[in-house]
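Below is one structure, written out as structure tokens, with a few remarks after it.
Where a number appears in this text, it was derived from the coordinates with a stated rule and is not lab data. None of these values were measured; they are calculated from a predicted model. Here the Cβ positions follow ideal geometry from the backbone for every residue, glycine too, while neighbour counts run over all protein chains shown.
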Amino acid sequence: MKIAIIGAGWSGLAAAVRATRSGHEVAVFEASKTPGGRARSFNAMLPDGRAMQLDNGQHILIGAYHQTLQLMREVGVDPESALLRLPLTMQFPDGCGLKLPVLRAPWDALIGISTARGWSWTDRLSLLRAAARWQWSRFACSDDQTVAQLCQSLSAKVIQELIEPLCVSALNTPADRASAKVFLRVLQDSLFSTPGGSNLLLPRIDLSACFPDAAARWLAARGGRVALGQRVQALTPQSSSWRVQDEAFDQVVLAVSATDAVRLLEQTEPGLSASAARRLQSWRATAQVLQFEAITTVYAYGPGARLRQPMLALRSDPANPAQFAFDRGQLNGPAGLIALVVSASSGELAATEQRVLAQAHRQLGLDLKKLRSVTEKRATFACTAGLQRPGMDIAPGLRACGDYVDGPYPATLEGAVRSGLSAIT
Ligand SMILES: Cc1cc2nc3c(=O)[nH]c(=O)nc-3n(C[C@H](O)[C@H](O)[C@H](O)COP(=O)(O)OP(=O)(O)OC[C@H]3O[C@@H](n4cnc5c(N)ncnc54)[C@H](O)[C@@H]3O)c2cc1C
């Protein structure tokens, strides 16, 4: 088949790699000049004029991202050298919090919880009991339960120091609104499934080099087209094919964000049968009501600034908005470069930056100057309890893929990659 893939984010590139492997002729159309979508890097400069790459937002992968890691290997990136593998840690600058030892599941979680610093036995037992209950119920719960409801038997300390940071980093949605069902799925796959599933994988090379650039090269070497700087404005159905950028395709995979998909589909109904047009309208209506959460990454610099480990959790509240700090000097940046991440961020950027820098001073003892901030207003869909997500099939010969398409995961690289792979049959 001749397949058009619209969007060269991680989902579109995953679809393109699978389609090429299956022997299809593939053309990828990407609006931006660089592939990678929300997970890519850009050129930046240090105060002394040194050039460097920054990521569109600091990302974390985990060991349970099996499809993503496999796909990186397939396009020639070695995850073991590209990503720094660490046991799951949710530790604060004072050393309190959870750090799992290097052991097989579930022993890593059991021993990590039993030895968490700064937690009383009441805290530890509340988590061990809840974990046993979740496992007993096979990590199932009702669709409309929130993470806060799921965790109400836990001690306040465990909620503040583990559940809330874990929930906001995995689902980018505060616990009082976040879906317990999706949260439990993330816990199950990371903590209780495969060895190393809960490991944190921190990029040691920039995000574009982690997959998008390598995938684009891999496709080009196999005759695939990746047309950058080409925003598709319309999709035109024909009798048994689709026209994209004045070319006929047997199948189209729409690998853009939910918002862009809705926009593109606004003009698409003429030419479809009545039943196909109704299906498309219903898909669009489901995608249209998704809500989004922002993420702000503040890149800050201080000569000699260093964290005691590559990633630390921060104590977060409205006056201290960042939840995590990353020492890019220990990862892929110059020494002294710290990335401070505000998940589910809101409010004015300048005020957020000021609070984050003051927080770094108070909690990390670092005097940092802002280098560059990136706010992605629609970083992820709000992964709320009871949420209905649009499915993969839009109309005959037209499919959607992306992190927002119905699936077990929240908006993550693994969710995007899995969706891209399953769009190609
Ligand atoms: C700041 C930030 C931090 C994050 N942190 C993490 C993390 O730590 N771990 C994690 O797993 N995930 C994280 N995520 C989520 C992850 O980045 C996304 O889930 C993933 O990148 C989504 O990929 P996608 O292919 O579905 O969509 P996108 O990346 O949005 O790709 C869509 C592509 O389509 C293109 N496009 C749109 N319209 C058109 C058009 N009309 N014609 C042609 N092209 C078009 C866009 O330019 C874009 O390149 C984070 C996201 C952000 C923004």
**Complete:** Note on the stretch 88-198: contact order normalised by length, alpha-carbon pairs under 8 Å, 6 or more apart, percent, works out to 26 percent
**Choice from 210, 96, 167 with maximal GNM fluctuation in the chain (Cα, 10 Å cutoff)** = 96
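Relative contact order (percent) for the stretch 43-115, with alpha-carbon contacts under 8 angstrom and 6 or more residues of separation? Mind dumping the intermediate values first?
Working: 46 pairs, mean separation 9.7, N = 73.
Value for the stretch 43-115: 13 percent.
Please check the chain for the longest run free of trypsin sites (Lys or Arg not before Pro) that are loop-located per DSSP (anything but H, G, I, E, B) and have at most 12 other Cβ atoms within 10 Å.
Numbers: sites that count: 33, 50, 104, 138, 222, 308.
The segment 309-425 is the longest one with no such site.
Given the DSSP H assignment, sum -39500 (n - 2.57) over each helix run of at least 4 residues in the chain and divide by its residue total; what's the result at 222 nm in deg cm²/dmol, nearest 500? Present the calculation step by step, with values, prior to reporting the outcome.
Numbers: 14 runs with 131 residues, N = 425.
Computed mean residue ellipticity for the chain: -9000 deg cm²/dmol.
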**Asked** What is the Cα centroid distance between the stretch 113-159 and the stretch 285-319, reported in whole angstrom?
**Response** 24 Å
**Asked** Most mobile of 14, 287, 350 per a Gaussian network model of the chain (Cα springs, under 10 Å)?
**Response** 350
**Request:** Starting from the Cα of residue 372, move 7 Å in the Cα-to-Cβ direction to define the label point; list residues of the stretch 30-52 whose amide nitrogen is under 17 Å from there.
**Result:** 33-52
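What is the dipole size for the stretch 88-198, taken about its Cα centre, with +1 at each Lys and Arg Cβ and -1 at each Asp and Glu Cβ, in debye to the nearest 20? All intermediate terms of the calculation are to be shown ahead of the outcome.
Values: 11 positive and 9 negative charges, 60 e Å.
About 280 debye.
What order do you get for 361, 24 when you list them from fewest to most C-beta neighbours inside 10 Å? The partial results should precede the final answer.
Working: 361 13, 24 16.
Fewest to most other Cβ atoms nearby, the residues stand as 361, 24.
How much length would be gained if the chain were fully extended between residue 291 and residue 114, taking 0.36 nm per residue of separation minus their Cα-Cα distance, in nm to one decimal? Mind showing how you got there, number by number?
Details: separation 177, 0.36 × 177 = 63.72 nm, distance 3.79 nm.
This chain segment gains 59.9 nm when fully extended.
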**Item:** Residue-count net charge about residue 325 - beta-carbon cut-off 13 Å; Lys, Arg +1, Asp, Glu -1
**Value:** +4
**Asked** So, counting K/R as plus one and D/E as minus one, what does the shell of residues with Cβ under 11 Å around residue 214 add up to?
**Response** -1
**Asked** If you place +1 on the Cβ of every Lys and Arg, -1 on the Cβ of every Asp and Glu, and leave all else neutral, what size is the dipole of the stretch 242-359 about its Cα centre, to the nearest 20 Debye?
**Response** 400 debye
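Compute the relative contact order of the chain as a whole-number percentage, counting only Cα pairs closer than 8 Å that sit 6 or more residues apart in sequence.
After rounding, I find 24 percent.
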**Asked** With point charges of +1 on the Cβ of Lys and Arg and -1 on the Cβ of Asp and Glu, referenced to the Cα centre of the chain, which listed residue (91, 237, 166) lies farthest in the positive direction of the dipole?
**Response** 91
**Asked** Too long at a 32 Å Cα-Cα cut-off: which of 181/377; 33/181; 33/99; 2/377?
**Response** 33/181; 33/99; 2/377
**Prompt:** Hey, what angle do you get for helix 121-136 against the long axis of the chain, alpha-carbon based, 0 to 90 degrees rounded to 10?
**Reply:** 30 degrees
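Among 376, 353, which comes first, then next, by fewest other beta-carbon atoms within 10 Å?
Details: 376 16, 353 19.
Placing the least packed residue first, the sequence is 376, 353.
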**Two-site label geometry, residue 133 and residue 317: point separation in nm, points 7 Å out along Cα→Cβ** = 2.7 nm
**Complete:** Distance in Å, no decimals, from the C-alpha centre of the stretch 33-54 to the one of the stretch 362-425 is 21 Å
**Prompt:** Got a sec? How would 254, 187, 69 order by Cβ neighbour count within 10 Å, fewest to most?
**Reply:** 187, 69, 254
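Using the crude model of +1 on Lys and Arg Cβ and -1 on Asp and Glu Cβ, and no other charge, please compute the dipole size for the chain relative to its Cα centre, in debye to 20. If you can, show how the numbers build up before the last one.
Details: 44 positive and 35 negative charges, 82 e Å.
The calculated dipole for the chain is roughly 400 debye.
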